[in-house]
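**Student:** The structure follows.
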Amino acid sequence: MEWNFAAVFEHLGFLMAGAVITVQVSILSMIIAIVLGLVIALVRMAPLASLRIVASVYIDIFRSTPLLAQLVWIYFAFPILTGIRVSPFVACTISLSLYASAYLAEIYRAGILSISSGQRHAGLALGMTPRQVLTRVVLPQAVTRMLPPMGSQFITLFKDSALVSLVTLQDLMWSAQSLAAFTLRTVEVLTVVAIIYMALTIPQAFIVNHLHRRFGVD
Amino acid sequence: MADVVVRVEDLHKSFDDLEVLKGVSMEVQRGEVVVIIGASGSGKSTFLKCLNRLEEPNRGRIFLEDVEITGQKTDLPKVRRNIGMIFQQFNLFPHMSAIQNVMEGPRTVLRMSGERAREHASQLLDKVGLSDKLDVKPGQLSGGQQQRVAIARALAMEPKVMLFDEVTSALDPELVGEVLTVMKQLADEGMTMLVVTHEMQFGERVADRVVMFDEGVILEEGPPEKIFQRAESERTRRFLNQLHWEGE
């Protein structure tokens with residue numbers, strides 16, 4: 001076969017528009033997941049056993065089923081069951097957020113549990129409420145331990161976001177497939193797109209490595 | 001009328017099947033220094049942790065200045081402000097400097113202004129001999145220095161009673177003295193103290209009363225000269241003898 005990138009470079013703007021969607025959906029999902037994951041982690045450690053079970057079922061569901069199945073379910077099945085229709089962007093953001101929040105919840109939980117009970121006791125003995133112990137004593141220490149795995153989780157989420165193309169969100173991967181069909185230069189298009197993904201992911205990996213060196217606990 | 005700061009009635013505590021406290025009663029007067037001794041596993045540390053309810057007693061009642069603190073509706077954070085606690089492992093907050101550790105209680109719990117809290121904290125660190133370590137993180141301090149910061153941190157809440165849970169057990173021997181000196185100073189100033197320790201010299205010199213715990217009950221108690229020299233129970237005498245290694 002003969003390599004011919006001319007058609008790809010001619011439509012680079014089209015791919016870049018897709019890349020913007022990819023970045024948007026990933027960052028927005030991660031922000032939601034960071035908050036949601038913390039809530040789930042706290043419920044997972046709640047004093048009430050029934051609450052703990054709910055959180056752990058949630059975590060298990062999202063971690064033990066394929067992301068693609070979750071996406072399809074939220075985009076196709078959910079509207080049929082409830083009558084609520086949402087745009088592909090919203091459905092994909094929700095889906096990626098829920099998925100990542102389950103993983104982040106476990107990262108939070110591990111980070112929080114890694115802080116010794118002596119630290120909690122010291123805070124409580126001063127007269128802090130459990131909430132103050134969490135925000136003043138436990139989380140500030142746990143966060144530095146959680147940053148490296150959270151960074152890795154974001155990179156995973158960023159690459160997993162390519163699946164949203166299958167529910168018609170016009171992200172980088174969707175743009176690639178459209179352009180491949182249009183130009184019939186499938187290999188060239190996917191090569192360029194892979195390079196774009198790399199160009200976006202490698203700086204993230206660089207930051208995560210830095211976090212590992214700075215805060216990592218072995 | 002006697003001025004009782006802490007009154008404990010028939011305290012019981014079990015961990016699963018293991019009964020650690022089997023009915024302990026005690027009264028501590030204002031300004032009194034009570035030293036609690038006993039073998040490991042005798043329940044003395046658990047007893048201290050029940051006093052500020054870091055451990056939840058199964059049965060029995062505790063009163064702080066005649067107010068019961070073992071009730072269902074007890075506002076625990078409010079009660080604990082008045083009970084200072086120093087731990088074996090120091091438990092300083094590693095992400096804060098020495099002075100931030102001392103300011104943390106007044107700032108977060110009492111909502112004191114930063115300026116006042118800082119001034120008070122620097123006085124307290126001066127008092128425990130650490131005025132040159134204000135901005136140093138705990139990781140850069142020796143064990144003895146960390147424990148003195150921990151004492152200053154507890155003092156910053158102006159507690160009515162202070163609990164010392166084997167506070168010198170994790171220290172290198174040459175660092176024990178500096179911590180005991182600070183504790184003696186507090187005792188001389190009239191602080192009410194319950195001290196779980198293996199430092200018998202501290203008991204002899206500073207305690208008003210020595211309490212011997214054994215298997216979850218108070219085996220005997222009395223003034224230090226009586227317990228250390230003329231203990232009634234054979235078990236107490238044996239325990240004290242074991243602490244003095246005299247060799248072959």
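Every number here is computed from the coordinates shown, using simple stated rules; none is lab data. Here the structure is a predicted model, which is why all the values come from computation and not from measurement. Methodologically, a virtual Cβ is constructed for each residue, glycine included, from the backbone with ideal geometry; neighbour enumeration extends over all protein chains shown.
**Student:** Per the Kirkwood formula on distinct C-alpha pairs, the Rh of the stretch A:27-143 is how many angstrom? Spell out each step's value before the answer.
**Tutor:** Details: mean 1/r = 0.0638 Å⁻¹.
Kirkwood radius, the stretch A:27-143: 15.7 Å.
**Student:** How large is log10 I(q)/I(0) at q = 0.10, 0.12 Å⁻¹ when the Debye formula is applied to the Cα atoms of the protein assembly as shown, each weighted equally and without solvent?
**Tutor:** -0.83, -1.03
**Student:** Can you divide the C-alpha Rg of the stretch A:53-108 by 2.2 N^0.38 Å and report the result to two decimal places?
**Tutor:** Values: Rg = 11.8 Å, N = 56, 2.2 N^0.38 = 10.2 Å.
The reported ratio for this selection is 1.16.
**Student:** I need the shape label for the stretch B:1-79. Rule: rounded when a/c is under 1.5, else prolate if a/b > b/c, else oblate, with a, b, c from the alpha carbon gyration tensor. Mind showing how you got there, number by number?
**Tutor:** On the way: a/c = 1.99, a/b = 1.22, b/c = 1.62.
Because a/c hits 1.5 or more and a/b fails to exceed b/c, the stretch B:1-79 counts as oblate.
**Student:** Next question, about the same structure. Using a Förster distance of 51 angstrom, determine the FRET efficiency expected from the C-beta separation of residue B:244 and residue A:52, and round it to 0.05.
**Tutor:** The computed FRET efficiency comes out at 0.50.
**Student:** Averaged over peptide B:87-94, how many Cβ atoms belonging to another chain are found within 10 Å of each residue's Cβ? Before the final figure, lay out each step's value.
**Tutor:** Values: counts 4, 1, 5, 2, 10, 3, 8, 5.
That average works out to 5.
**Student:** Can you work out the base-10 log of I(q)/I(0) for the stretch A:117-197 at q = 0.20 1/Å, using the Debye formula on its C-alpha atoms alone?
**Tutor:** For the stretch A:117-197 at q = 0.20 Å⁻¹, log10 I(q)/I(0) is -0.88.
**Student:** Taking one equal scatterer on every alpha-carbon of chain B, how large is log10 of I(q)/I(0) by Debye at q = 0.09 1/Å?
**Tutor:** At q = 0.09 Å⁻¹ the computed log10 ratios are -0.39.
**Student:** Tell me, A:101, A:87 in order of fewest to most beta-carbon neighbours within 10 Å?
**Tutor:** Details: A:101 25, A:87 11.
By the 10 Å Cβ count, ascending: A:87, A:101.
**Student:** Taking neighbour Cβ counts within 10 Å as the exposure measure, how do A:30, B:212 sort from fewest upward? Before the final figure, lay out each step's value.
**Tutor:** Numbers: A:30 21, B:212 25.
In order of increasing Cβ crowding within 10 Å: A:30, B:212.
**Student:** So how long is each side of the stretch B:1-145 along the principal axes, counting just the alpha-carbon atoms, biggest first, in Å?
**Tutor:** 46, 34, 28
**Student:** Checking the a/c ratio against 1.5 first, then a/b against b/c, what shape does the Cα gyration tensor give for the stretch A:84-218? Working shown, then result.
**Tutor:** Working: a/c = 5.11, a/b = 2.19, b/c = 2.33.
Judged from the Cα gyration tensor, the stretch A:84-218 comes out oblate (a/c at least 1.5, b/c at or above a/b).
**Student:** Which of the GluC sites (Glu not before Pro) across the stretch B:111-213 are loop residues per DSSP, with 14 or fewer other Cβ within 10 Å? Don't skip to the end; give the middle numbers.
**Tutor:** Details: sites: B:115, B:119, B:166, B:174, B:178, B:189, B:199, B:204; in loops: B:166, B:189, B:199.
Qualifying residues, ordered by number: B:189.
**Student:** Which of the chymotrypsin sites (Phe, Trp or Tyr not before Pro) found in the stretch B:175-248 are loop residues per DSSP with 16 or fewer other Cβ atoms within 10 Å of their Cβ?
**Tutor:** Working: sites: B:202, B:213, B:228, B:239, B:245; in loops: B:245.
In loop regions of the stretch B:175-248 (DSSP not H, G, I, E or B), the sparsely surrounded chymotrypsin sites (Phe, Trp or Tyr not before Pro) are B:245.
**Student:** At 30 angstrom or more along the helix axis (alpha-carbon based) and mean Kyte-Doolittle of 1.0 or higher, what helices does chain B contain? Whole DSSP H runs only. Could you put the intermediate results ahead of the total?
**Tutor:** On the way: long enough: none.
In chain B, no H run is both long and hydrophobic enough.
**Student:** Oh, and also: Which whole number gives the average count of other chain Cβ atoms within 10 Å of the Cβ atoms across peptide A:113-125?
**Tutor:** Numbers: counts 0, 0, 1, 2, 2, 6, 6, 2, 9, 15, 7, 7, 19.
Across A:113-125, the average partner-chain Cβ count within 10 Å equals 6.
**Student:** Other chains' Cβ within 10 Å of B:105-111 residues: what's the mean? Each step should come with its number before you reach the end.
**Tutor:** On the way: counts 6, 1, 1, 10, 7, 2, 0.
What the average comes to for B:105-111 is 4.
**Student:** Could you give the length gained by full extension between residue A:81 and residue A:135, i.e. 0.36 nm per residue of separation minus their alpha carbon distance, to one decimal place?
**Tutor:** On the way: separation 54, 0.36 × 54 = 19.44 nm, distance 3.96 nm.
Full extension from residue A:81 to residue A:135 adds 15.5 nm.
**Student:** Would you give the gap between the C-alpha center of the stretch A:139-183 and the C-alpha center of the stretch B:55-95, rounded to a whole Å?
**Tutor:** Here the two parts' Cα centres lie 48 Å apart.
**Student:** Based on the mean of other beta carbon atoms within 10 Å per residue, what is the order of B:81-88, A:2-9, A:190-197, most packed first? If you can, show how the numbers build up before the last one.
**Tutor:** Working: B:81-88: 23.9, A:2-9: 11.6, A:190-197: 16.4.
Packing proxy ranking, top to bottom: B:81-88, A:190-197, A:2-9.
**Student:** Also: Nearest 10 degrees, 0 to 90: what angle lies between the long axis of helix A:49-64 and the longest principal axis of chain A (Cα atoms)?
**Tutor:** 20
**Student:** Ok, one more. What is the ratio of the Cα radius of gyration of the stretch B:102-144 to 2.2 N^0.38 Å, with N the residue count, to two decimals? Intermediate results must be reported in sequence, preceding the final value.
**Tutor:** Numbers: Rg = 11.0 Å, N = 43, 2.2 N^0.38 = 9.2 Å.
Its radius of gyration relative to the 2.2 N^0.38 Å reference: 1.20.
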